[in-house]
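Report on the following structure.
The values are calculated or read from the model by the stated rules, or taken from the named source; none is laboratory data. None of the values given here were measured: they were computed from a predicted structure. No Cβ is skipped: glycine too gets one built from the backbone with ideal geometry, and neighbour counts run over all protein chains shown.
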Amino acid sequence: MPSTSNSSRYIRRSLEATLRKAAGQFPAVILTGPRQSGKTTLLQHVFGRRYAYVSLEPPDVRASAAADPRGFLAEHAPPVMFDEIQYAPDLLPYIKEIIDADRNRMGQYLLTGSQNLLMMERVSETLAGRTAVLRLLPLSHREILDLPDAPLAWESPRRGQKSKSVSKARLWEGFLRGGYPELVAHPRRDASLWQAGYVQTYLERDVRTLRQIADLSQFQLFLRALAARNAQLLNFTELARDLGLSVNTVKNWLSILEASYQIMILRPYFVNTGKRLVKTPKVYFTDIGTLCYLTGLQNPKHAAAGPMGGSILETAVLMEIVKTYYHRGMEPPVYFWRTSDGREVDIVLDGPDGLVPIEVKLSATPTPKMAAGILSFQNEFPNRSTKGYVVHPGEVSPPLGPNVQALPFFCL
C-alpha cells in the first residue's frame, strides 16, 4: 500500500483556516476524502501538539474499541484524533454521549474517514448538529505552487499577476503525476508504480468494504472503461453493454466511486426556460494522475497531443474549482450546459455574482471562435451571466469577445 513518509515535506493546504474555524465552533470535526489525500498529515500539522492520535486501522485497536467502547474512549479522552473512523463506527454513539455531557466544549474530537457513504450514514444518525464535515481532496494546482489561499481568477482581477507561470512541459508532467501529496513531495518517485499500488489498495479495501463485489478484475475493467469516458456525457446503457453488465450494476459501481471520492458526477445546468436540455450527467476523476494511469498514459507529450488531452485539461480546470470550494468548507456550485441543438459550455459556476461560463481549450492560442459557446450561454441567460473565460494551457490573456477573456491555466 502507498504510504506517506514521515520525512515528506509539508505542503500547505487551503483547508487549514476552515479546519481551525470548524474546530472552534463544533464539538467534533470529521475530515473526509480519498485515501492518501493528506488528511492525517493536515490534522497533525494543525493540531498535533494539542491532540492525542489514535489510528483505528490496526485490527487490535479496532477489537479493543469494539469490545469496550466506553473504556476505550476513557483511555483516549479528548482532545483526541481518531484516524479512519469508518473502521470503528460503533464508537460514534458513545462519542455523542461524551459530547452531550459538555456541549459547550468545542473541538473535542477530530475524526477522519475515507469512505463517505457508510460513514456519513452513521454520522447523520448520531452526531447531527454536533459535528462539522469537511472534505480534503488531493492537492490543487495552487497548493502545489504554494499559493493555497489564492482566489479564483474571477474573484480577484489581479489574480493572474500573482501567479507562478508554469511551462507546458512541466504542466503536463504535473498532470501525469496527479495531486496526491506523496507523489508531489517526492518528485523522483515512479508515478505509475505508485498509482498501480494505490488502485490495487483501493480495490482491496474500499471497494470490498462498500460493496460485496466478488470479481474485482471486472470492477477494474469498469474503472478503465469509465476513465476512457472521462468528461463525456455518461451513457449508462452503452457502458453496461460494452462491459456485459446490467445498468443497475453500473449505477451501483458509480456510487462506490463517488462515495470514495474517486469520481465526481457533474450535472447539467437547468432552469425552466421551456427548452429541452440534455439531462445526462458527465463523470470526472478527482485525481488527474489516477485518470492518466487508468488510460495508460505515461508520456507528457502523448498525453497533451493524444485524444485524452482535452479531457485531462478540462478535468484539471474543474477540479481546481471544486477543490477550492471544498477546502473552504463549501459545496462547489458547478455544472455544465448543453442544449439539444449542440450549444454547450464545459463548466458553469453559479457564483455569488452570477453564472460564470467557462470553456476549456487545448490550444495555447485562443481565438474568438473558441468563445462561441460562452456567447450563446450569455445570450440565453443575459440577466444572470457574468464575464466568461476560455481557459487554455498557454500564457496569453487576450479578450475574445465583449465579455469573454482568455485565461491561462496557471492564472486560474
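Can you find even one residue in region 136-156 that is closer than 30 Å to Gly24 by Cα, hydroxyl-bearing (Ser, Thr, Tyr) and at pLDDT below 90?
Yes.
Confirm whether Pro333 is surrounded by fewer than 23 Cβ atoms within 10 Å (Cβ to Cβ) and either touching a Phe, Trp or Tyr at 6+ places or on another chain (Cβ under 8 Å) or among the aromatic types (Phe, Trp, Tyr) (or both). Quick ask: steps written out before the conclusion?
Working: surrounded by fewer than 23 Cβ atoms within 10 Å (Cβ to Cβ): yes; either touching a Phe, Trp or Tyr at 6+ places or on another chain (Cβ under 8 Å) or among the aromatic types (Phe, Trp, Tyr) (or both): yes.
So Pro333 passes the test.
At least 1 residues that are within 30 Å of Ala406 (Cβ to Cβ) in each: list the helices (runs of 4 or more DSSP H) lying fully within region 72-155 that qualify.
Passing ranges, in order: 141-144.
For region 316-344, enumerate the residues that are free of Cβ contacts under 8 Å to residues at least 40 places away in the same chain and either in a strand (DSSP E or B) or over 12 Å from the mean Cα position of the chain (by Cα) (or both).
Met330, Pro333, Asp341, Gly342, Arg343, Glu344
Given the condition among the polar types (S, T, N, Q), surrounded by 17 or more Cβ atoms within 10 Å (Cβ to Cβ) and farther than 30 Å from Ser363 by Cα, answer yes or no: does some residue in region 252-266 qualify?
Step one: filter region 252-266 for residues among the polar types (S, T, N, Q), giving 252, 255, 260, 262.
Add one more test, that the residue is surrounded by 17 or more Cβ atoms within 10 Å (Cβ to Cβ), and what stays is 260, 262.
Right, trim to farther than 30 Å from Ser363 by Cα and you get 260.
Scanning region 252-266, I find at least one residue that is among the polar types (S, T, N, Q), surrounded by 17 or more Cβ atoms within 10 Å (Cβ to Cβ) and farther than 30 Å from Ser363 by Cα, so the answer is yes.
Could we say that Ala316 is surrounded by 20 or more Cβ atoms within 10 Å (Cβ to Cβ) and modelled with pLDDT under 95 here? Working first, answer last.
On the way: surrounded by 20 or more Cβ atoms within 10 Å (Cβ to Cβ): yes; modelled with pLDDT under 95: no.
It is false that Ala316 is surrounded by 20 or more Cβ atoms within 10 Å (Cβ to Cβ) and modelled with pLDDT under 95.
Can you tell me which residue among Lys96, Lys21 is buried (at least 18 other Cβ atoms within 10 Å of the Cβ) and among the charged types (D, E, K, R)?
Numbers: Lys21 fails: buried (at least 18 other Cβ atoms within 10 Å of the Cβ).
None of the others qualify; the one that does is Lys96.
Only one of Val356, Val396, Val334, Val404 is closer than 26 Å to Pro307 by Cβ and either of a type in the set (Gly, Ala, Ser) or modelled with pLDDT of 95 or more (or both). Can you tell me which? Lay out the reasoning, then the answer.
Details: Val356 fails: closer than 26 Å to Pro307 by Cβ; Val396 fails: either of a type in the set (Gly, Ala, Ser) or modelled with pLDDT of 95 or more (or both); Val404 fails: closer than 26 Å to Pro307 by Cβ.
Just one listed residue meets the conditions, Val334.
I'd like the residue in region 178-229 that is in a helix (DSSP H, G or I) and of a type in the set (D, E, K, R) and, out of all such residues, is surrounded by the fewest Cβ atoms within 10 Å (Cβ to Cβ).
The residue in question is Glu204.
In region 30-68, which residues are in contact (Cβ under 8 Å) with a residue 24 or more places away in the chain, farther than 12 Å from Val80 by Cβ and not in a helix (DSSP H, G or I)?
Listed by number, the residues that qualify are Ile30, Leu31, Thr32, Gly33, Pro34, Arg35, Gln36, Ser37, Gly38, Glu57.
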